[in-house]
Amino acid sequence: MQYVVDTVEIKKRMAENQIDSIADLELITGVNRNTLSKVIRGKSYPSAHVIGGIAYSLHMTSEDIGRIFFCQKLT
């Protein structure tokens with residue numbers, strides 16, 4: 001089973017938390033901005049470390065994490 005990231009929801013959460021750029025998210029998460037950029041553009045699936053950093057920074061619940069990072073890929 002393959003998963004995709006709900007990138008629209010991540011961008012929405014960034015806006016809600018007044019995080020205006022990937023560079024700002026990098027400062028908060030400690031995750032390289034190139035990695036964050038690939039995840040947010042849907043070009044790469046994040047590691048557990050990256051998911052954790054994003055989730056913590058954007059104040060996600062465990063339900064949010066499941067819904068955002070573990071969407072089934074429909075192909």
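Bear in mind these aren't lab numbers, they're just calculated from the coordinates by the rules spelled out. Here the structure is a predicted model, which means the values were calculated and not measured. So basically every Cβ, Gly included, is an ideal-geometry build from the backbone, and we count neighbours across all protein chains shown.
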- Task: Mind giving me the FRET efficiency for H49 and D6? R0 is 25 Å, r the Cβ-Cβ distance, nearest 0.05 is fine.
- Result: 0.85
- Multiply the residue gap between C71 and H59 by 0.36 nm, knock off their C-alpha separation, and tell me the result in nm, one decimal place. 2.4 nm
- Message: Please compute the contact order of the chain in relative form: average sequence separation of alpha-carbon pairs under 8 Å and at least six residues apart, divided by the residue count, as a percent.
- Response: 51 percent
- Task: Report, in debye and to the nearest 20, how large the dipole of the chain comes out about its Cα centre when Lys and Arg carry +1 and Asp and Glu carry -1 on their Cβ.
- Result: 320 debye
- Divide by every residue of the chain the summed helix terms, -39500 (n - 2.57) for each DSSP H run of at least 4, and state the resulting mean residue ellipticity at 222 nm, rounded to the nearest 500 deg cm²/dmol. -16500 deg cm²/dmol
- Item | Overall dimensions of the chain by Cα: Rg and Dmax, Å | 11.4, 35
